[in-house]
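What follows is a single structure, written as structure tokens, with notes after it.
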Amino acid sequence: MKLNELEYKRPDYDKTIENLNSKLDLAEKAETLDEYLQALVEYEEIIEVVLSMGTISYIRNSINTRDEFYEKEVESFDEFYPRLSQVNNRLQNIRLNSEFRAAYEGQFGKNILLTDELQKDIFKPEIMEDRVKEAKLTNEYQKLMGTAQIDFDGKKLNLSQMAPYTQSEDRETRRKASMAISNWFSERQEDFDRIYDELVKIRHEIARKLGFESYLEVAYRGFGRTDWNREDAKKYRDLIVKYIVPLAQKFYDEQKERIGISDFKYYDVPFKFKSGNPTPKGNEKELVKEAQKMYKELSEETEIFFNEMIESEMMDLESKDGKAPGGYMTYIPTARLPFIFANFNGTSHDADVLTHEAGHAFQGYLVRDVYPGELRDACMEIMETHSMSMEYFTHPWMESFFKEDTEKYYYNHVVDSLQFLPYGASIDEFQEWVYDNPEASPKERNKKFREIEKKYSPHIDYADDKYQEEGGRWQRQMHVYQSPFYYLDYTIAQLNAFQFFVLDLENHEDAWEKYLELCIMGGKYGTKETIEKVGLKVPFEEETFKFIVPKLEEYLDNLDHNKIV
């Protein structure tokens, strides 16, 4: 079935809860292992149907944020999900206390129950209404971002469509485009401040009701971080400051010389090459056609996967008026297929987001029939490793996307990824401070972000952009509003992806086998154990940085710099 042919029907929420609890009653009263396992299978079958309906409504709402029907449907699910969390909490406690626990662990591994142990304390009925309010606020943020219309170049453009102008070869165009974006945010700063202020206070109240001092603990447990914690995160961020910030600064200095600008401003950062940034040569249909050829040649598994994605029309890639910003992959359990959402805008990001989300989707496709569902998904830093690594495994085919710009793309992709690490770490450190200081005012938050930003991104000169100089940049990052403490996962995954890239350069067959192993492994193990099982180094350790940095510098040095101008 194609995406637009999938039937949507709002579930009977009361009946769903009743049916789920009836299956848990059977599991609780089971006298044999077979009865126990069968009750859990039937429980998951019900869950998959209701989650599929929620996912379909979310997809259709994000494709068109102005569709009032699906906006209301998303709102209805947001009110229902806390009730579903209550039932899931009951499931976790049943699995933990069952006389069949050892047999369950023997069949499905320990990580599900380790996660149950971690998450059983982050739900109480008292927080259900708070979670509903939280969801409404995150939806308000998404709608505000999705309905952006900026008057520029005689057009009304959304945030994604502004990106090519911020990368223009004409410096004044870059400056005006960057200011137009900042002005749009500045004019709505009260709304962005209010939404976030309410979110922080609600989340702090949730943590308080659950018996935790900070929402950080709730978020870490929610993400199933069974084998790393706040101390690991701090150590990791410090390593980024030590090893990556100086390297990133070196590349910014080289960029200044390359584009011939001595007074390097924030609006110059997106303009990488005097000859123009690398751009994909083709529209959406042409790029998808090239991707189909690429995935046919990469492996038999990727060929089958991508062909089915095309045949089922499980991708919406073009930027359109009213479409939510950003990109994502999600999974529709009843269709047994993933879905890719993106906003193509004619920049190199089109290739990045396509291969990135295809990495997520490929992993989801490989494990689509795995039971129980928790074994399909690992921690988010592992899930992001699937996607970021795919960006690098597809490097050999980028010539068909970028033609004469290929060498610039190779250089830019690696350098951009390295320069992203400090920004990702700054977002994480900022969030730690925010939830440790939930009573801080919006002005105090912005001031703190700017202070942290200077540590991780000392190159930034905001010139006369008051909104960003006063610390407003973080408000563009939807993860801060919608998924607190998620953003560091991208940086951890980036270190993993760099390792796969280095291995791939040395021995493609071996690297690809390790990647397939990682994808199929799913959520069987915790983060550190998963990384080590496929032969990678754990990103929290200094030796990982010492291994990666020289290898990447060597790769960049060996590119044809006559084409990188």
* Structure fact -> Residue set Glu134, Glu126; condition farther than 21 Å from Ala324 by Cα and part of a helix (DSSP H, G or I); output residue Glu126
* Kindly provide the set of residues from the range 338-354 that are out of contact with any Leu (no Cβ under 6 Å at 6 or more places or on another chain), part of a strand (DSSP E or B) and within 9 Å of Tyr328 (Cα to Cα), ordered by number. => Phe339, Ile340, Phe341
* **Filter result (open to solvent by 60 Å² or more (accessible area, probe 1.4 Å), out of contact with any helix residue (DSSP H, G or I) (no Cβ under 7 Å at 6 or more places or on another chain) and within 20 Å of Gln167 (Cβ to Cβ)) within the range 269-286** => Ser275, Asn283
* Asked: Any idea which residue in the range 178-193 is nearest to Tyr481 (Cα to Cα), counting only those that are among the charged types (D, E, K, R) and touching a residue at least 40 places away in the same chain (Cβ under 8 Å)?
  -> Asp193
* Is there a residue being under 21 Å from the mean Cα position of the chain (by Cα) and either surrounded by fewer than 20 Cβ atoms within 10 Å (Cβ to Cβ) or closer than 28 Å to Glu300 by Cα (or both) anywhere in the range 504-514? -> no
* Structure fact -> Within the range 478-493, the count of residues that are over 18 Å from Asp352 (Cα atoms), in contact with a Gly (Cβ under 7 Å, 6 or more places away or on another chain) and part of a loop (DSSP other than H, G, I, E, B) comes to 0
* Any residue in the range 446-471 that's without any contact (Cβ under 8 Å) to a residue 40 or more places away in the chain and among the aromatic types (Phe, Trp, Tyr): show its pairings with residues that are assigned to a loop (DSSP other than H, G, I, E, B) and open to solvent by less than 50 Å² (accessible area, probe 1.4 Å) at Cβ separation under 9 Å, as long as the two are six or more apart or on different chains. => Phe449/Gly471; Phe449/Gly472
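Return yes when Tyr371 is aromatic (Phe, Trp, Tyr), surrounded by fewer than 24 Cβ atoms within 10 Å (Cβ to Cβ) and assigned to a helix (DSSP H, G or I) and no when it is not.
So Tyr371 does not fit the description; no.
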* Structure fact -> (1) over 22 Å from Val269 (Cα atoms); (2) open to solvent by 20 Å² or more (accessible area, probe 1.4 Å) all hold for Tyr392 apart from (2)
* Structure fact -> Residues of the range 475-499 being among the aliphatic types (A, V, I, L, M) and either within 17 Å of Glu381 (Cβ to Cβ) or open to solvent by less than 10 Å² (accessible area, probe 1.4 Å) (or both), in sequence order, are Val480, Leu488, Ile492, Ala493, Leu495, Ala497
* To do: Kindly list the number of the only condition in (1) modelled with pLDDT under 95; (2) surrounded by 20 or more Cβ atoms within 10 Å (Cβ to Cβ); (3) among the charged types (D, E, K, R) that fails for Asp377.
  => (2)
* Go through (1) in a helix (DSSP H, G or I); (2) over 21 Å from Tyr411 (Cβ atoms); (3) without any contact (Cβ under 8 Å) to a residue 60 or more places away in the chain and name the single condition Val538 misses. => (1)
* For the range 100-113, state whether one or more residues are buried (at least 16 other Cβ atoms within 10 Å of the Cβ), more than 22 Å from Arg194 (Cβ to Cβ), under 26 Å from the mean Cα position of the chain (by Cα) and not polar (S, T, N, Q). => yes
* Asked: within 21 Å of the chain's Cα centre (by Cα), among the acidic types (Asp, Glu), modelled with pLDDT of 95 or more and open to solvent by less than 10 Å² (accessible area, probe 1.4 Å) - does that describe any residue in the range 306-325?
  -> no
* To do: Name the single residue, out of those in the range 143-177 being without any contact (Cβ under 8 Å) to a residue 24 or more places away in the chain and in a helix (DSSP H, G or I), that is most open to solvent (accessible area, probe 1.4 Å).
  => Glu172
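Report yes if Phe123 is open to solvent by 20 Å² or more (accessible area, probe 1.4 Å) and closer than 30 Å to Glu381 by Cβ, otherwise no.
Answer is yes for this residue.
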* Applying the selection to the range 412-458, what residues are open to solvent by 30 Å² or more (accessible area, probe 1.4 Å), out of contact with any His (no Cβ under 9 Å at 6 or more places or on another chain) and not in a helix (DSSP H, G or I)? -> Asn437, Ser441, Pro458
* To do: Select from the range 526-565 the residues that are open to solvent by 70 Å² or more (accessible area, probe 1.4 Å) and closer than 25 Å to Glu105 by Cα and list them in ascending order.
  => Glu529, Glu532, Lys533
* **Yes/no for Lys289 being surrounded by fewer than 17 Cβ atoms within 10 Å (Cβ to Cβ) and either farther than 14 Å from Leu418 by Cβ or hydrophobic (A, V, I, L, M, F, W, C) (or both)** => yes
* Structure fact -> Counting only residues in the range 270-304 that are among the acidic types (Asp, Glu) and out of contact with any strand residue (DSSP E or B) (no Cβ under 6 Å at 6 or more places or on another chain), the one farthest from Thr355 (Cα to Cα) is identified as Glu300
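The values are calculated or read from the model by the stated rules, or taken from the named source; none is laboratory data. None of these values were measured; they are calculated from a predicted model. So basically every Cβ, Gly included, is an ideal-geometry build from the backbone, and we count neighbours across all protein chains shown. Note: areas computed on protein heavy atoms with side chains; ligands, DNA, RNA excluded. Shrake-Rupley method; radii C 1.70, N 1.55, O 1.52, S 1.80 Å.
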